[in-house]
Amino acid sequence: MFRSPSGTGCIITLTTDFGLDDAYAAVMKGVILDTCPAANIVDISHSVQPQNIAEAAFLLRSAYPYFPVGTIHCAVVDPGVGTARRPIAIRANRGMLVGPDNGIFTHVVLEDGLVDRDGSLLSGGAVELVASEFRRAEMSQTFQGRDIFAPAAAHLGLGVPLRNLGPTVKEIHLLDLPVPRMTAGVVHGCIIHIDRFGNAISNITVEVTPRVARVIVNGTEIEGLSRSYQEKDIVAIFGSIGFLEIAARNGSAAHRLGLQVGDSIQVSP
Amino acid sequence: MFRSPSGTGCIITLTTDFGLDDAYAAVMKGVILDTCPAANIVDISHSVQPQNIAEAAFLLRSAYPYFPVGTIHCAVVDPGVGTARRPIAIRANRGMLVGPDNGIFTHVVLEDGLVDRDGSLLSGGAVELVASEFRRAEMSQTFQGRDIFAPAAAHLGLGVPLRNLGPTVKEIHLLDLPVPRMTAGVVHGCIIHIDRFGNAISNITVEVTPRVARVIVNGTEIEGLSRSYQEKDIVAIFGSIGFLEIAARNGSAAHRLGLQVGDSIQVSP
Amino acid sequence: MFRSPSGTGCIITLTTDFGLDDAYAAVMKGVILDTCPAANIVDISHSVQPQNIAEAAFLLRSAYPYFPVGTIHCAVVDPGVGTARRPIAIRANRGMLVGPDNGIFTHVVLEDGLVDRDGSLLSGGAVELVASEFRRAEMSQTFQGRDIFAPAAAHLGLGVPLRNLGPTVKEIHLLDLPVPRMTAGVVHGCIIHIDRFGNAISNITVEVTPRVARVIVNGTEIEGLSRSYQEKDIVAIFGSIGFLEIAARNGSAAHRLGLQVGDSIQVSP
């Protein structure tokens with residue numbers, strides 16, 4: 001499935017905190033194309049808040065299910081660059097994951113069932129990216145996106161088998177993600193992302209909340225679940241990736257209700 | 001012209017208000033590539049002010065004439081997502097237009113002569129995107145860019161005929177755009193866009209103003225028409241897409257003269 | 001090396017101050033694809049501060065070495081558009097450079113050894129882009145990125161020989177770049193770029209500073225050279241493109257130390 005000897009049709013996505021004002025993201029693209037000229041490189045986002053691994057993990061998880069099977073996802077938010085944290089690549093259900101072993105793949109590996117709650121690998125496969133023939137010849141201490149991750153993604157795109165990139169890894173580092181709790185029928189979750197529209201996205205999925213009678217967030221009560229952003233002024237709605245979100249008609253719910261990442265949210269049945 | 005059975009060489013542009021901080025634009029790209037792997041996806045802009053249909057319509061119109069014939073333009077600024085407004089696709093002179101029927105294609109369909117001033121279709125062809133085999137199997141109420149528009153664009157890119165995507169539409173919703181008026185030889189227009197350089201672009205075209213002796217905008221008088229941004233401190237000049245614009249040498253005219261979208265501008269012959 | 005009759009595999013990069021909010025960058029892409037459908041267009045950055053040629057020159061130089069040989073780099077930061085400054089294309093060691101002759105290629109042509117310190121061409125080759133068959137038929141005074149530079153890059157991508165694009169140019173305009181000086185063993189340089197992480201990048205390379213005992217910048221003394229951003233609170237480190245930079249662990253050195261582009265920095269052996 002991942003073999004593509006000429007690299008034809010391979011898709012490589014990038015998720016980083018490099019921004020678009022500097023040349024760092026472009027440098028990764030140059031390095032990828034130098035090895036794998038046919039790569040179709042797609043930006044997921046380069047606007048992750050600097051060193052915010054959790055935000056990158058959320059964005060990657062938001063996009064991952066929609067890319068073709070076989071896509072190579074390269075994610076580099078890497079405050080520990082140049083320290084002991086390992087560079088890794090993981091075979092996931094829908095493609096490959098390439099990046100630092102710092103929790104950036106937490107959502108994807110959990111939702112794909114690749115690891116248990118401690119990060120021990122159950123299926124798939126993962127390696128530490130140490131094989132020197134698949135790194136840049138000149139290595140820096142400060143830009144492994146260029147020197148390790150882009151070359152690894154490009155070689156996977158060419159069809160190099162995962163096992164050639166380095167020794168097997170048995171355990172993946174996971175972020176300690178907030179998980180919704182249920183007490184006396186009430187689901188307690190929290191806001192995990194505010195999007196550009198000011199929609200406040202929680203970690204509460206439809207699976208854990210079969211019925212929604214009332215939502216309380218930051219002192220505001222919202223009655224019932226809506227089907228459209230236009231239904232009323234402030235709505236609670238299961239958004240496009242399956243999480244309960246709070247939105248405002250033609251405006252920013254985060255701004256109107258003063259919501260931030262980390263705020264608690266309760267759903268009563 | 002639009003048939004391209006393997007999708008080879010098809011270009012799909014995106015114009016949205018999704019921003020680049022979230023994964024929404026990337027999700028659309030993943031969905032497009034999943035159906036049409038050879039699509040060359042080009043961003044026009046994802047930085048449209050949230051829910052500003054007029055701005056998206058202007059940006060699309062600014063780029064449309066320069067893309068190859070056969071390009072598929074997918075534009076999603078969609079405050080009415082999940083309500084009764086129709087999802088549509090239109091055959092235009094230089095390619096296909098895919099998006100909500102909320103006025104986002106106003107400039108293009110008028111300038112291509114596809115509709116009359118009321119939006120009644122004169123030529124080309126348009127359909128409502130309801131054929132379920134060309135939508136995503138799982139539909140959300142909140143992200144039709146992913147569920148309807150990206151799949152429609154991708155299938156058009158594969159060469160699926162427009163008529164297969166749904167029933168014919170006879171009328172396109174148009175924005176009520178400000179049109180320049182002429183009184184006693186003076187052309188009265190308004191500022192419709194401020195660009196990154198602070199150039200203030202009006203809706204006055206060279207066709208309606210064969211002679212420009214004096215321009216008045218926000219209390220400032222500018223004598224004569226210039227040929228270069230460097231000619232003097234504040235210039236009136238016909239810009240790159242044919243509209244009269246006000247620019248400052250090495251600076252922002254909008255800032256210096258306090259100009260905003262909607263400000264009136266007069267041209268005396 | 002640069003011939004590619006069908007345009008297969010040609011890479012064209014863009015470095016501009018057009019931003020991503022307007023359609024200008026997209027217009028250049030449309031024009032390129034209209035001539036050279038197989039072009040793989042890669043953004044280096046469109047976020048150069050308006051009319052800041054030095055910043056564009058630095059970003060281009062940061063990315064240039066990492067792109068495949070044969071890449072065509074089109075850079076348009078052009079305050080003099082429509083005036084007498086020449087539009088040019090240059091054959092460099094690793095590809096082609098296309099843009100205004102205003103110093104935007106200074107770093108690349110110096111580091112490639114194409115010119116002497118006065119800008120006189122020593123090797124490579126350069127032309128003025130005046131051949132009308134390789135420009136757009138309709139020319140504006142305000143957007144030569146669309147009318148001259150994008151068409152030139154696209155035709156080079158198709159394999160049109162450089163000499164066909166116009167008459168030979170013997171001298172390239174260079175920026176007056178700050179060069180590090182050595183006095184009594186101390187290297188005196190300056191900050192030339194602040195990146196998104198707040199890392200302050202100087203013009204001091206490892207070649208001119210074989211030993212670093214102490215760095216002084218804006219009144220702060222930093223002892224010794226570090227190997228990782230995590231080593232201590234404020235580090236001096238040779239960054240990924242070979243320049244000495246000042247960084248803060250998990251934060252912005254520029255913010256903490258009040259550093260700006262142009263600030264002086266001293267290195268004692």
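Remarks
- Considering segment A:42-75, and only residues there that are away from chain B (no Cβ under 11 Å) and closer than 18 Å to A:ALA89 by Cβ, the residue that is most open to solvent (accessible area, probe 1.4 Å) turns out to be A:ILE53.
- Only one entry of A:PRO151, A:PRO178 meets the criterion of being within 14 Å of chain C (Cβ to nearest Cβ) and surrounded by 15 or more Cβ atoms within 10 Å (Cβ to Cβ), and that entry is A:PRO151.
- Taking the criterion of being within 12 Å of another protein chain (Cβ to nearest Cβ), more than 25 Å from the chain's Cα centre (by Cα) and outside any loop (DSSP other than H, G, I, E, B), the residues of segment B:222-254 that qualify are B:VAL235, B:ALA248, B:GLY251.
- Screening B:ARG86 with (1) within 14 Å of another protein chain (Cβ to nearest Cβ); (2) touching a residue at least 40 places away in the same chain (Cβ under 8 Å); (3) surrounded by fewer than 23 Cβ atoms within 10 Å (Cβ to Cβ); (4) not small (Gly, Ala, Ser) gives one miss only, at (1).
- Condition check for C:GLY99: surrounded by fewer than 23 Cβ atoms within 10 Å (Cβ to Cβ), at pLDDT 95 or above and not assigned by TED's automatic domain parsing to the domain that holds C:SER202: no
- Where a residue in segment A:18-38 is within 14 Å of C:VAL69 (Cα to Cα) and open to solvent by 40 Å² or more (accessible area, probe 1.4 Å) and its partner, wherever it lies, is among the β-branched types (Val, Ile, Thr) and assigned to a loop (DSSP other than H, G, I, E, B), with Cβ under 9 Å and at least six apart: A:ASP34/C:VAL69
- Scanning segment C:154-175 for residues that are of a type in the set (Val, Ile, Thr) and open to solvent by 70 Å² or more (accessible area, probe 1.4 Å) returns a single hit, C:THR168.
- For segment B:196-221, the tally of residues that are over 29 Å from the mean Cα position of the chain (by Cα) and open to solvent by less than 60 Å² (accessible area, probe 1.4 Å) stands at 2.
- Flag if A:ARG196 is more than 25 Å from A:MET28 (Cα to Cα), free of Cβ contacts under 8 Å to residues at least 40 places away in the same chain and either more than 14 Å from every other protein chain (Cβ to nearest Cβ) or outside any strand (DSSP E or B) (or both): yes
- Selection within segment C:222-247 - surrounded by fewer than 22 Cβ atoms within 10 Å (Cβ to Cβ) and farther than 20 Å from A:ALA23 by Cα: C:GLU223, C:GLY224, C:LEU225, C:SER226, C:ARG227, C:SER228, C:GLN230, C:GLU231, C:LYS232, C:ASP233, C:ILE234
- Residue count, segment A:131-164 (criterion: assigned to a loop (DSSP other than H, G, I, E, B) and in contact with a Cys (Cβ under 7 Å, 6 or more places away or on another chain)): 0
- Segment A:55-96: number of residues that are out of contact with any strand residue (DSSP E or B) (no Cβ under 8 Å at 6 or more places or on another chain) and at pLDDT below 95: 4
- Residue match in segment A:257-266 (condition: small (Gly, Ala, Ser), within 14 Å of another protein chain (Cβ to nearest Cβ) and touching a strand residue (DSSP E or B) at 6+ places or on another chain (Cβ under 7 Å)): no
The values are calculated or read from the model by the stated rules, or taken from the named source; none is laboratory data. The structure presented is a predicted model; accordingly, all values stated were derived computationally and were not measured. Neighbour counts are summed over all protein chains in view; Cβ atoms, including those assigned to glycine, are modelled from backbone coordinates with ideal geometry. Note: areas computed on protein heavy atoms with side chains; ligands, DNA, RNA excluded. Shrake-Rupley method; radii C 1.70, N 1.55, O 1.52, S 1.80 Å.
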